[in-house]
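Trainee: First the structure, which I've put down as structure tokens, then a few questions once you've had a look.
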Amino acid sequence: MKSRILVTGANGQLGKTIKEISSDFINSIDFVFVEKSELDITNSESLELYFQSNKFDYCINCAAYTNVDLAETEIKKAFDVNANAVKNLAVNCNTYNTVLIHVSTDYVFDGTKQSPYIETDITNPINVYGESKLLGEEHIRKHLDNYFIIRVSWLYSKFDKNFVKTIFNRLKEDEKLTIITSQRGTPTSCHDLSYFILFLITNAIKNFGTYHFSAKGETTWYGLAQYISKYLNKSTNVTPIKDYPTKAKRPFYSVMNNSKVEQLYGKPLTKWEECVDEVLENLPQE
């Protein structure tokens, strides 16, 4: 019997990636993809009606407010999407016996640690975006038992606007770029994340809780840009700078330990360089 899966935020880069690979799971999963125009998860009444009218085994929440700098001024909007809407989902998933798979962020940490963060490390976000995502996590833990909170870092894909695509396109135009070296983290592909999420579903994993999912290894934003520049044979176009001012503070170190995921998955995760290669090879080459 097929699992019925609701995917919220279907118009974002993760939602689009899941939709692209969904045909690989057509025999075992019945997907329902919804965008904000079809289902506003910040509206508790309409969301409850939707859950009443539809039976879902899982809900993958890809909806998020992700503009870290704009969140510093659009505080209500960030909390509505990243916290209040998540509470609405958790309450309904609990009522209608649906497993919630929610994507969170490395930005729930303050970046002062010197070794990769584990799931039980103390959270201490240093910007509004991180605060709103952490509150979303707390709502899930309060209202629901059957959930997966998956913290991810530096997410990118061939879809929408993200660092990898932006750097690739600007270098292709032969732009000269200055990129910061002060932040360390791990670029993580939506493609890899999507397959892990669907692994949880197709294997009916019951080890509920919080997980850190990222590629293997770590780098800086400059290191990532430099890697892309080498792919395009434009290494001289990228210059390092220690830092530059932004509205929101960022954690200087947000590498996550993903051994808990690897143990569950039963295999090592892929190195970030290989994941970047895969996406670059699939970007338009016009």
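Trainee: Would you mind getting me the FRET efficiency between E138 and V32? Use the beta-carbon distance for r and R0 = 25 Å, nearest 0.05. List each step's numbers first, then the result.
Mentor: Numbers: r = 27 Å, r/R0 = 1.08.
The value I calculate is 0.40.
Trainee: Now a separate question. Please find, in a Gaussian network model of the chain (springs between Cα atoms separated by less than 10 Å), the residue of N67, N257, N127 whose mean-square fluctuation is greatest.
Mentor: Evaluated over the chain, the most mobile residue of the options is N67.
Trainee: Can you give the local net charge around S132? Use residues other than it whose beta-carbon is closer than 13 angstrom to its beta-carbon, Lys and Arg +1, Asp and Glu -1. List each step's numbers first, then the result.
Mentor: On the way: positive: K76, K77, K87, K133; negative: E72, E74, D80, E131, E137, E138.
Net charge around S132: -2.
Trainee: Now for a separate question. In the range 40-122, what trypsin sites (Lys or Arg not before Pro) fall in a loop by DSSP, with at most 13 other Cβ atoms inside 10 Å?
Mentor: K55
Trainee: With a 10 Å cut-off between alpha carbons and a GNM built on the chain, which of T270, T112, T188 moves the most?
Mentor: Largest GNM mean-square fluctuation: T112.
Trainee: Let me ask you something else. How many nm separate the modelled label positions at K2 and N233, each set 7 Å beyond the Cα in the direction of the Cβ?
Mentor: About 4.7 nm separates the two model spin labels.
Trainee: Then there is this: Check cross-link reach from K216 to the lysines: straight Cα distance under 19 Å, and skip same-chain residues fewer than eight apart.
Mentor: K113, K260, K267, K271
Trainee: Compute the long axis of helix 221-231 from its Cα atoms, compare it with the longest principal axis of the Cα atoms of the chain, and write down the angle in degrees, 0 to 90, nearest 10.
Mentor: Once rounded, one gets 70 degrees.
Trainee: In addition: What are the semi-axes of the equivalent ellipsoid for the range 5-62, taken as the square roots of 5 times the Cα gyration tensor eigenvalues, largest first, in whole Å?
Mentor: On the way: eigenvalues 83, 40, 9 Å².
Each semi-axis is √(5λ); the values are 20, 14, 7 Å.
Trainee: Which distance in nm do the two modelled labels at L49 and F208 give, with both placed 7 Å along the Cα-to-Cβ direction?
Mentor: Output for this residue pair reads 2.8 nm.
Trainee: Which three extents, in angstrom, do the Cα atoms of the range 38-157 have along their principal axes, listed largest first?
Mentor: 47, 30, 29
Trainee: For K267 paired with T246, estimate the spin-label separation in nm (one decimal), with each label point 7 Å from Cα along the Cα-to-Cβ line.
Mentor: 3.3
Trainee: Between the range 185-211 and the range 245-277, what's the alpha-carbon centroid distance in Å?
Mentor: 13
Trainee: Hey, for a label at T178 modelled as a point 7 Å past Cα toward Cβ, could you say which residues of the range 234-248 have their backbone N under 15 Å away?
Mentor: Of the residues in the range 234-248, 237-246 have backbone N under 15 Å from the label point off T178.
Trainee: Which percent of Cα pairs goes in each bin when the distances of the range 1-109 are cut into 5 angstrom slices starting at zero?
Mentor: Spelled out per bin, shortest first, that is 2, 12, 22, 25, 18, 12, 6, 2, 0, 0.
Each reported figure results from applying straightforward, stated rules to the coordinates on display, with no laboratory input. Nothing here was measured: the structure is a model prediction, and the numbers come from that model. When we count neighbours, we look across all protein chains shown, and the Cβ atoms used for this are built from the backbone with ideal geometry, even at glycine.
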